[in-house]
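Data first, discussion second: the structure below is written as structure tokens.
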Amino acid sequence: MCGIVGYVGDKPALDVVMAGLSRLEYRGYDSAGIAVRTAAGELTVVRRAGKLANLREALDGTPSETLDGTMGIGHTRWATHGAPTDRNAHPHVDCTGAIAVVHNGTLENFTELRDGLEHRGHALASETDTEAVAHLIEERYAGDLAAAVREVCGDLDGSFVLVVTHRDEPDVVVGARRNLPLVLGLGDGENFLASDVTAFIAHTRSARVVEQDQVVTLRRDGVTVTDLAGSPVDGATFYVDWDTAAAEKAGYEYFMLKEIDEQPAAVRETVGGRLGPDGRLTLDELAMSDEDIQGLTQVVVVGCGSTYHSGLVAKYAIERWARLPVQVEIASEFRYRDPVLDRHTLVVAISQSGETADTLEAVRHARRLRAWVLAVSNTVGSSIARESDAAFYTRGGPEVAVASTKAVMTQLAAVYLVGLHLAHVRGFRDDDEVRSHFGDLAATPAQIADVLGRMDPVRKLAREIASHERVMFLGRHVGYPMALEGALKLKELAYVSAEGLPAGEIKHGPIALIEKGTPVVVIAPRHALTAKIVTNVQEIRARGARTIVIATDGDDSLAPHADHLIRIPDIKSLLSPMLTLVPMQVLSAEFAMARGLDIDQPRNLAKSVTVE
Ligand code: F6R
């Protein structure tokens with residue numbers, strides 16, 4: 001949460017920083033601000049509550065000569081300490097106005113720090129924890145900004161990414177990090193710091209991750225990275241192969257709509273090149289020997305939100321194919337339950353961003369208990385990927401819309417691959433079976449594209465039901481996690497009460513919620529349980545529900561009980577989430593748009609949740 005950009009080079013910093021912030025706005029949009037050191041040696045700070053558009057408007061009204069520098073920092077905020085107001089927007093400055101700081105994270109000892117500063121005569125103008133850092137640097141500054149930042153880092157408890165400038169140090173931006181992401185972009189005559197690579201891939205593809213408790217000095221002609229004691233540290237650069245167009249809207253009204261349409265291509269990337277000619281899946285990323293896989297006694301999957309739902313699907317696949325018991329845990333609950341893990345446990349930590357604090361803490365806990373941790377992530381070099389024993393990258397490309405779509409889809413593909421690999425190595429599926437299941441998985445991109453081509457009636461239906469304040473989603477077996485996902489998408493995008501339930505459970509209480517006309521989405525692809533779902537649908541329809549049924553081509557068992565029928569192509573039931581997911585994404589997006597809502601940036605949310 002919170003997006004940060006720092007730039008030193010020869011281009012107008014205002015343009016580079018604002019373009020970077022627009023890429024990072026998904027990380028928080030409570031306020032935004034920038035600081036630019038002008039050619040005349042002044043530090044100009046402009047900040048506004050609300051979305052980046054408000055800051056742009058304020059900048060339009062700011063004299064251009066006060067913004068004309070080639071060094072700047074910027075921030076887009078997801079509020080923690082202090083309301084989302086102009087006053088609390090970053091950058092924050094010290095008493096002299098010479099130092100500007102942007103911050104991502106939360107400082108646990110901020111009350112103590114603020115009290116101390118006020119006692120020593122500093123006047124703090126905001127309610128934020130961040131402002132304390134600007135004043136602490138002011139106290140420590142003796143002509144070397146990086147040295148002051150290093151010292152101040154030692155005073156801070158909690159998590160932080162800091163990016164700092166000083167009016168008297170032209171062409172220097174200093175960054176520091178603990179627990180949260182900061183990436184260096186290494187250009188030619190220009191360098192960047194950012195919360196993620198999308199902020200600078202239009203300028204450079206060469207990147208380096210800033211590691212825990214490191215401080216970076218960014219200059220036009222190079223970077224220096226040190227530990228907190230000031231000793232230089234080495235680090236590897238990596239190449240970012242995401243294409244810039246993937247981080248643009250490309251003519252779509254919203255990123256979410258584009259990302260929904262990108263799903264066939266994204267799954268192709270996840271699945272591509274995975275099956276060797278010998279019928280073995282190439283899953284070297286798991287980095288486990290066959291012997292270790294054969295010695296596993298359990299799998300534990302952790303994730304949050306939509307990612308947790310992908311984890312629930314993993315349970316069905318791994319238990320069915322690999323005959324291993326699987327527990328799926330919401331990451332924020334996991335370690336407080338005192339889970340029983342050992343070195344025969346595989347923990348699969350799923351996270352699109354790779355930065356979710358709850359999942360990161362679950363990874364750390366699992367590793368302390370000696371489990372083998374596999375990260376399934378979309379973000380190369382993310383904290384969760386780096387702190388796990390092994391990382392499987394989903395290769396879905398940048399996902400900008402806050403509500404996850406293609407990332408969930410690629411996570412599904414990834415967990416099926418993991419399940420098949422475990423099954424093969426453990427001897428529960430032979431070469432032919434693996435080849436056949438892999439073939440089914442490799443066919444899904446075309447099937448997803450087919451479903452996408454059928455969505456016009458779903459959009460029309462979404463507009464028809466958009467005035468309802470309650471929608472229910474029912475499913476059985478792997479349809480159940482998808483019912484949870486459908487409900488979450490609608491909640492977060494349209495702000496309506498949406499519940500996802502196992503269809504068989506509804507008669508035990510939730511059926512009381514059904515009134516005449518309540519829309520109920522029933523996920524019912526062809527499956528051994530379809531006959532039971534037919535009964536469940538009849539039960540709710542008898543109570544007045546408007547039934548919206550997702551069913552397989554050629555299966556007419558539900559047609560008489562459906563007010564609206566959404567068809568998907570025939571697919572093995574275990575893989576059906578990859579198709580049933582699509583109509584629910586489209587339905588929730590269109591439902592929210594019909595209410596006039598911004599589906600890329602739903603209220604109160606941020607894409608990367610880096611607080612516990
Ligand atoms: C919902 C959504 C969230 C994320 C969750 C985990 O659409 O996007 O529920 O799935 O915050 O995020 P990652 O996968 O980045 O750990």
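The values are calculated or read from the model by the stated rules, or taken from the named source; none is laboratory data. Keep in mind it's a predicted model, so treat the numbers as computed, not measured. Neighbour counts run over all protein chains shown; Cβ positions are idealised from the backbone, glycine included. These accessible areas exclude ligands, DNA and RNA; they are computed on the full protein's heavy atoms, side chains included. Shrake-Rupley method; radii C 1.70, N 1.55, O 1.52, S 1.80 Å.
Over the chain, give the accessible area per residue in Å² for a 1.4 Å probe, as an integer. List each step's numbers first, then the result.
Working: 21770 Å² over 612 residues.
Value for the chain: 36 Å² per residue.
Give me the base-10 log of I(q)/I(0) for the chain at each q in 0.11 Å⁻¹, Debye formula, one uniform scatterer per Cα, rounded to two decimals. Here log10 of I(q) over I(0) equals -1.04. Here the stretch 27-129 has an Rg and Dmax of 14.0, 40 Å, counting Cα atoms alone. Under 5 Å from the amide H of MET71 lie the amide H atoms of ALA13, ARG37, each residue being 5 or more positions distant or on a separate chain, with H modelled from the backbone and absent for Pro and chain starts.
Across the stretch 45-56, computed HN-Hα scalar couplings (Karplus, 6.51 cos²θ - 1.76 cosθ + 1.60, θ = phi - 60°) run 10, 10, 8, 8, 5, x, 6, 4, 4, 5, 5, 4 Hz from first to last residue, x flagging Gly and Pro. In nm, to one decimal, how far is the modelled label at TRP242 from the one at ALA531, with both set 7 Å along Cα→Cβ? Distance between label points: 4.9 nm. Solvent-accessible area assigned to carbon and sulfur over the chain amounts to 48 percent, based on a 1.4 Å probe.
Modelled spin-label separation between THR297 and ARG343, with each label point placed 7 Å from Cα along the Cα-to-Cβ direction: 1.4 nm.
Looking only at the chain, where both bridge partners belong to it, what percent of the DSSP beta bridges are antiparallel (to the nearest 5)?
Working: 62 of 104 bridges.
Around 60 percent of the beta bridges assigned by DSSP in the chain are antiparallel ones.
Divide the volume of the convex hull around the Cα atoms of the stretch 487-575 by the residue count and you get 104 Å³ per residue.
Suppose R0 equals 56 Å; then what is the FRET efficiency for LEU452 and ASP155 from their Cβ-Cβ distance, rounded to the nearest 0.05?
After rounding to 0.05, the efficiency reads 0.60.
May I ask you to derive the FRET efficiency for ASP86 and GLU65 from their Cβ-Cβ distance with R0 = 25 Å, giving the value to the nearest 0.05?
On the way: r = 23 Å, r/R0 = 0.91.
Once rounded, the FRET efficiency stands at 0.65.
Binning all Cα-Cα separations of the stretch 176-236 at 10 Å, short to long from zero, yields these whole-percent fractions: 24, 57, 18, 0. Per-residue Karplus couplings for the stretch 102-117, computed as 6.51 cos²θ - 1.76 cosθ + 1.60 with θ equal to phi - 60°, are listed in order as 10, 8, 10, x, 9, 9, 6, 9, 5, 5, 4, 5, 5, 4, x, 5 Hz, Gly and Pro entered as x. So what's the back-of-envelope 222 nm ellipticity for the chain, counting only DSSP H runs of four-plus at -39500 (n - 2.57) apiece and dividing by all residues, rounded to 500? Taken over the chain, the calculation gives -10500 deg cm²/dmol. Sequentially through the stretch 393-400, phi angles give Karplus couplings (6.51, -1.76, 1.60; θ = phi - 60°) of 8, 7, 6, x, x, x, 10, 9 Hz, Gly and Pro residues having no value and appearing as x. Dimensions of the stretch 64-201 along the principal axes, based on C-alpha atoms and rounded to the nearest Å, stand at 45, 31, 28, largest first.
In Å³ and rounded to a whole number, note down the convex hull volume per residue for the Cα atoms of the stretch 3-247.
Working: hull volume 26.6 nm³, N = 245.
Given the Cα convex hull of the stretch 3-247, per-residue volume reads 109 Å³.
The coefficient of translational diffusion for the stretch 136-249, derived via Stokes-Einstein from the alpha carbon Kirkwood radius under 20 °C and 1.002 mPa s, stands at 147 µm²/s. For the stretch 323-429, the Cα-based Rg and Dmax, in that order, read 13.7, 41 Å.
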